[in-house]
Amino acid sequence: MADYELIRDAPVAAPALADERVRGFLRAVYGWMCVGLGLTAVTALFVAASPALVTLIATQTFADGRHLTLDARAAGLAAAVAAQAVKAPFIVVVVVAMATTALVRAAA
């Protein structure tokens with residue numbers, strides 16, 4: 001076995017000091033999360049208020065050159081909308097959309 005030297009009277013951080021450090025760290029983390037959430041909200045509001053951006057996003061998603069293409073992505077989106085309409089939990093909505101998209105791609 002290895003011999004470990006025990007040091008008596010070694011300085012150990014007091015529990016209150018450690019608690020204060022953890023509290024400060026979490027305050028900083030939640031502060032940055034709040035900033036990120038606010039930035040996401042402002043971006044979503046900007047995109048939703050701009051018909052040109054909404055059209056561009058829809059066109060880039062469902063268009064192939066000059067033609068409208070309804071492929072597995074559209075089927076997955078439709079399945080997600082249907083799952084959301086019946087008030088399914090978010091994880092179920094995502095899994096339904098993913099499974100539908102995979103099944104349509106596998107069938108094609």
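Seen from L26, the other residues with C-beta closer than 14 Å to its C-beta sum to a net charge of +1, counting Lys and Arg as +1 and Asp and Glu as -1. Of P15, P51, P89, the residue with the greatest mean-square motion in the GNM of the chain, using alpha carbon springs below 10 Å, is P15.
Counting charges near T100 (Lys, Arg +1; Asp, Glu -1) among other residues having Cβ under 15 Å from its Cβ returns a value of +1. The long axis of helix 90-107 is offset from the longest Cα principal axis of the chain by roughly 50 degrees.
Report summary: the helix-based calculation at 222 nm, which adds -39500 (n - 2.57) for every DSSP H run with n ≥ 4 and divides by the residues of the chain, gives -25000 deg cm²/dmol.
Taking 8 Å as the Cα distance limit and 6 or more residues as the minimum spacing, I'd like the relative contact order of the chain as a percentage.
Working: 42 pairs, mean separation 17.2, N = 108.
Value for the chain: 16 percent.
Which is the longest part of the chain that has none of the trypsin sites (Lys or Arg not before Pro) sitting in a DSSP loop with at most 12 other Cβ atoms within 10 Å? The reported range is 9-65. Shown is the FRET efficiency for Y30 and A108, computed with R0 = 30 Å from the Cβ-Cβ distance and rounded to the nearest 0.05: 0.10.
Solvent-free Debye calculation, one equal scatterer per alpha-carbon of the chain: log10 I(q)/I(0) at 0.18, 0.22 Å⁻¹ equals -1.10, -1.17.
Where a number appears in this text, it was derived from the coordinates with a stated rule and is not lab data. Just so we're clear, the structure is a prediction, and the values are computed from it rather than from any experiment. Every residue, glycine as well, gets a Cβ built from its backbone with ideal geometry; the counts of neighbours run over all protein chains shown.
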